[in-house]
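**Student:** Just dropping this structure here.
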């Protein structure tokens, strides 16, 4: 029997990265950056890891954390120096080592999102913070997705509901601190027509539920330590960080993980 893959095929990931560069995709990314910028300035530590698919999208510019690293599943042109090539379900970091972890649509396009979330929780230190950024199935876009049933991005995204994320976080002994959604324009290709529906933004913001296209969830790892599960994969090479110093340091050079 063929083993089920953990992440979407490379073609889907490539299509997603292309979509992020479209006018509509750029609007979504700007909304995501604004939502994350409200969170990261208050999250401190020495090591931050953003786990995603597009190396050109950086969500941690407002972070005060010293060492900031981005992981992407494959090597592409323009990958920043502070990047690591690694799969989201098999991260080359020690258990309980990272202060802040950002998942950028990683759960939306993983065949086994719970396994990816478990891996993110593994590398997070006790007291560390996890930020999940994903498409919201409770939004107008989510309704369109169920109607269209299209296989192209972004409609091929799984989109985990807020209550589902709360349940999974609880199982991994992560405590939700805050959740917020954003971007309430319809998925129209014309920027002019999208602007005509800008009044929806103020209306949806007044509702008590999270109905925006983008959902961000901030959680904290409150456990003293986690018992790591015996991995099913071969022994991996680990990236170890130097002993933290009180002075600010730049990010290290580009590294790859096969």
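The numbers here are math on the coordinates, done by the rules we state, and not lab data. The structure displayed is predicted, hence computed values, not measured ones. With ideal geometry, Cβ positions are generated from the backbone for all residues, glycine too; neighbour counts draw on all protein chains shown.
**Student:** Each label point is 7 Å from the Cα along the Cα-to-Cβ direction; what then is the distance between the points at residue 195 and residue 90, in nm?
**Tutor:** Going from the residue 195 label point to the residue 90 one covers 4.8 nm.
**Student:** Relative to the present Cα-Cα distance, how much length would full extension add between residue 148 and residue 62 at 0.36 nm per residue of separation?
**Tutor:** Extra length available between residue 148 and residue 62 comes to 27.3 nm.
**Student:** How many nm separate the modelled label positions at residue 114 and residue 14, each set 7 Å beyond the Cα in the direction of the Cβ?
**Tutor:** Taking the two extended label points, one gets 3.3 nm.
**Student:** Continuing with the same structure: Given the peptides 163-171, 69-77, arrange them by the average over their residues of other C-beta atoms within 10 Å, most packed first.
**Tutor:** Highest-to-lowest ranking by the protection proxy: 69-77, 163-171.
**Student:** While we're looking at this one, here's another question. Please work out the Kirkwood hydrodynamic radius for segment 10-223, using every pair of different C-alpha atoms, and report it in angstroms with one decimal place.
**Tutor:** Every distinct Cα pair counted, the radius reaches 17.4 Å.
**Student:** Along Cα→Cβ, 7 Å out, is where each label goes; now give me the distance between the ones at residue 161 and residue 34 in nm to one decimal.
**Tutor:** About 2.8 nm, to one decimal.
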